[in-house]
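Everything on this sheet refers to the single structure shown next.
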Amino acid sequence: QVQLRQSGGGLVQAGDSLRVSCAASGRTFGLYSMAWFRPAPGKEREFVSVVSWNDDFTYYADSVKGRFTISRDNAKNTFYLQMNSLKPEDTALYYCAAGRALVLSITNADYWGQGTQVTVSS
């Protein structure tokens, strides 16, 4: 059983940077793949980024590739999404997720955070 708690959202201007965090409560954090999602037109939640359970693999949506970086710190039971060069189009309620399989889609997400708002003004 894993519980996810998010923090770090806020209001920034276009071009700024922001880091959002997802802290996990559980005994098997190091065995889970972690991912980030956000709402998108026509979708409940759109894939943003993922890191594998062993930290050997990361993947990013084309819309954020080169600007966002996902990372994890198992010692702190926390993983992060570092967002650079933010655009107004990045404005969304961001959700963290965890799963035993690689979380490339919501199908493989077993647990969800409560969401944290990121707003980018132009």
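The values are calculated or read from the model by the stated rules, or taken from the named source; none is laboratory data. Bear in mind that the values here come from a model prediction, so they are computed numbers and not experimental data. We place every Cβ from the backbone using ideal geometry, glycine too, and count neighbours over all the protein chains shown. What goes into the accessible areas is simple: the full protein's heavy atoms, side chains included, and nothing from ligands, DNA or RNA. Shrake-Rupley method; radii C 1.70, N 1.55, O 1.52, S 1.80 Å.
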Exercise. Could you list, in sequence order, the residues of the stretch 67-98 that are part of a strand (DSSP E or B), under 14 Å from TRP36 (Cβ atoms), without any contact (Cβ under 8 Å) to a residue 40 or more places away in the chain and open to solvent by less than 60 Å² (accessible area, probe 1.4 Å)?
Worked result: PHE68, ILE70, SER71, ARG72
Problem set entry | Residue ID - farthest from the chain's Cα centre (by Cα), chosen from residues in the stretch 99-111 that are within 14 Å of VAL2 (Cβ to Cβ) and open to solvent by 80 Å² or more (accessible area, probe 1.4 Å) | ARG100
Exercise. Does the stretch 9-20 hold any residues that are more than 14 Å from ALA97 (Cβ to Cβ) and either in a strand (DSSP E or B) or in contact with a Cys (Cβ under 9 Å, 6 or more places away or on another chain) (or both), and which are they?
Worked result: GLY10, LEU11, VAL12, GLN13, LEU18, ARG19
For this session: Select, from ARG38, ARG27, the only residue that is open to solvent by 10 Å² or more (accessible area, probe 1.4 Å), within 21 Å of ASP90 (Cα to Cα) and among the basic types (Lys, Arg).
Result: ARG38
For this session: Tell me, please, whether a residue that is farther than 22 Å from GLY15 by Cα, among the aliphatic types (A, V, I, L, M) and surrounded by 14 or more Cβ atoms within 10 Å (Cβ to Cβ) can be found in the stretch 51-63.
Result: yes
Seminar exercise, completed: How many residues of the stretch 78-98 are within 15 Å of LEU4 (Cα to Cα) and hydroxyl-bearing (Ser, Thr, Tyr)? The answer is 4
Exercise. How many residues are closer than 15 Å to PHE29 by Cα and part of a strand (DSSP E or B) if we restrict to the stretch 40-66?
Worked result: 2
